[in-house]
Each structure stands twice: as structure tokens, then as C-alpha cells.
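This report concerns only the one structure given below.
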Amino acid sequence: MNPLTVLMRKQITDPIDELMVIANDVMEGDLEVQVKIRIGEELESRKIAFNRTIGPVRSLIKPSLDG
């Protein structure tokens, strides 16, 4: 495989894989997760949106789990 193809594939698939792992953690009940964001990466805006979404979910669900 061409080295440029490998590099491009890694830049796209690694962030997607990372986001999927975090999403699976949330689905299994871990509401303390947060996606690490690297400025300029392919999925930067989607990772920011994910973190902004999980915050309110955490605020809604955590009190019922604590009480």
C-alpha cells in the first residue's frame, strides 16, 4: 500500500475508532468520558459536539443514579 494512502487512512480511521470507543463507553453507562480533541484533526468539530452533548446527558442522568 502506498505510504500516502496509509497516512491518510490513519488520519481518518483513528479518530473515528477513538470516537466509537468513547460512544460505546457511554452506551455502557460511563458518563464520565470525554473525547480528547486535537486541533486540526479530521473529526475535531464532531468530537467537540460529542463532548457538548454528553455534558447535559450527564447532568440529567447522574442525579438519578446517585439518589
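Points worth noting:
- Counted charge near E32, where neighbours are those whose Cβ lies closer than 10 Å (Asp, Glu -1; Lys, Arg +1): 0
- Between helix 44-66 and the chain: long-axis angle, C-alpha atoms, 0 to 90°, nearest 10: 20 degrees
- The label point for L19 and the one for V57, both projected 7 Å from the Cα toward the Cβ, are 1.3 nm apart.
- Neighbours of M20 by Cβ distance under 13 Å: Lys/Arg scored +1, Asp/Glu scored -1, total -3.
- Shape index of region 3-66: Rg/Rh, with Rg the Cα radius of gyration and Rh the Kirkwood radius from the inverse mean 1/r over Cα pairs, equals 1.09.
- Net lengthening on full extension, E32/L65 (0.36 nm per residue, minus Cα-Cα): 10.6 nm
- By average C-beta atoms within 10 angstrom, highest first, the peptides 10-20, 42-52: 42-52, 10-20
- Helix 3-27 axis versus longest C-alpha principal axis of the chain: approximately 10°, rounded to the nearest ten.
Values quoted throughout were computed directly from the atomic coordinates according to the rules given, and no laboratory measurement underlies them. From a predicted model like this one, the values you see are computed outputs, not experimental measurements. Positions of Cβ are generated from backbone atoms using ideal geometry, with glycine treated the same way; all protein chains shown enter the neighbour counts.
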